[in-house]
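Chemist: I have a structure I would like to understand better, so I am pasting it below and will then ask my questions one at a time.
The values are calculated or read from the model by the stated rules, or taken from the named source; none is laboratory data. For clarity, every value in this text was computed on a predicted model and none was experimentally measured. Neighbour counts are summed over all protein chains in view; Cβ atoms, including those assigned to glycine, are modelled from backbone coordinates with ideal geometry. Accessible surface areas use protein heavy atoms only, side chains included; no ligands, DNA or RNA. Shrake-Rupley method; radii C 1.70, N 1.55, O 1.52, S 1.80 Å.
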Amino acid sequence: MNKCLFCRIVAGELPSERLYEDQQFVAILDIHPVNFGHLLIMPKTHEENFLSASPAVLTAIFPLAQNLARALMEATGTPGFNLLINNGRLSGQLIDHLHIHIVPRLETDGLKHWPGKTYAQGQMRPMGEKIRAN
């Protein structure tokens, strides 16, 4: 038996509130929403994370996310949303199956943008060089 929670949801072995389904993807309501309407989009194939996902899955998932985000905003009346992919435990990925969160945002939800850091003089160029080199 496949132990992946999202594979089990895709297979219909576990209950979910399905919002959308096609040959490649399933979209469901998150059972622990940041705000009501918070949804998840996942491929039906087991793709562990963003970095290991197939280019075909990544190409197809973003137009779907755009359509579902429009539907979410219309349904909830929210003025904005966050589109989020956590990659790895440190980032908050709790289930090793690629999924996109679409989180409707409200002015009163209390969520804040993460605090930014400032590069010291001369730090940006070496970082840019390292990234370009890889």
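Chemist: For region 42-57, which positions are in a helix (DSSP H, G or I) and surrounded by fewer than 14 Cβ atoms within 10 Å (Cβ to Cβ)? I'd like the intermediate steps shown before the answer.
Modeler: As a first pass, look at region 42-57 and keep what is in a helix (DSSP H, G or I): 55-57.
Once the filter is applied, which keeps residues that are in a helix (DSSP H, G or I) and surrounded by fewer than 14 Cβ atoms within 10 Å (Cβ to Cβ), region 42-57 yields PRO55, ALA56.
Chemist: Looking at region 67-87, can you tell me whether even one residue there is within 13 Å of MET42 (Cβ to Cβ), within 19 Å of the chain's Cα centre (by Cα) and not in a helix (DSSP H, G or I)? Before the answer, list the steps.
Modeler: Taking region 67-87 as the starting set, the residues that turn out to be within 13 Å of MET42 (Cβ to Cβ) are 68, 85-86.
This time we only want the ones that are within 19 Å of the chain's Cα centre (by Cα), so: 68, 85-86.
Checking which are not in a helix (DSSP H, G or I) leaves us with 85-86.
Checking region 67-87: at least one residue is within 13 Å of MET42 (Cβ to Cβ), within 19 Å of the chain's Cα centre (by Cα) and not in a helix (DSSP H, G or I).
Chemist: Taking ASP96, is it of a type in the set (Asp, Glu), open to solvent by 50 Å² or more (accessible area, probe 1.4 Å) and either outside any helix (DSSP H, G or I) or in contact with a Gly (Cβ under 7 Å, 6 or more places away or on another chain) (or both)? Even if it seems obvious, please write down each step before you answer.
Modeler: Working: of a type in the set (Asp, Glu): yes; open to solvent by 50 Å² or more (accessible area, probe 1.4 Å): yes; either outside any helix (DSSP H, G or I) or in contact with a Gly (Cβ under 7 Å, 6 or more places away or on another chain) (or both): yes.
Spelling it out, ASP96 is indeed of a type in the set (Asp, Glu), open to solvent by 50 Å² or more (accessible area, probe 1.4 Å) and either outside any helix (DSSP H, G or I) or in contact with a Gly (Cβ under 7 Å, 6 or more places away or on another chain) (or both).
Chemist: If I ask for residues that are closer than 25 Å to ARG70 by Cβ and either open to solvent by less than 80 Å² (accessible area, probe 1.4 Å) or modelled with pLDDT of 95 or more (or both), which ones from region 111-132 would you list?
Modeler: Taking region 111-132 as the starting set, the residues that turn out to be closer than 25 Å to ARG70 by Cβ are 111, 113.
Hit for region 111-132 is LEU111, nothing else.
Chemist: Here is a follow-up. Going through PHE25, PHE81, PHE36, PHE62 one at a time, which residue ends up being at pLDDT 95 or above, open to solvent by 70 Å² or more (accessible area, probe 1.4 Å), of a type in the set (A, V, I, L, M, F, W, C) and in contact with a Lys or Arg (Cβ under 9 Å, 6 or more places away or on another chain)?
Modeler: Working: PHE25 fails: open to solvent by 70 Å² or more (accessible area, probe 1.4 Å); PHE36 fails: in contact with a Lys or Arg (Cβ under 9 Å, 6 or more places away or on another chain); PHE62 fails: in contact with a Lys or Arg (Cβ under 9 Å, 6 or more places away or on another chain).
It is PHE81.
Chemist: What is the residue count in region 64-84 for residues that are among the small types (Gly, Ala, Ser) and closer than 17 Å to ASP30 by Cα? Talk me through it step by step, then tell me what you get.
Modeler: Of region 64-84, the ones among the small types (Gly, Ala, Ser) are 65, 69, 71, 75, 77, 80.
Imposing the further condition that a residue be closer than 17 Å to ASP30 by Cα reduces the set to 65, 69, 71, 75.
Number satisfying all stated conditions: 4.
Chemist: Looking only at region 1-34, count how many residues are farther than 23 Å from THR76 by Cα and not in a loop (DSSP other than H, G, I, E, B).
Modeler: Here the count works out to 6.
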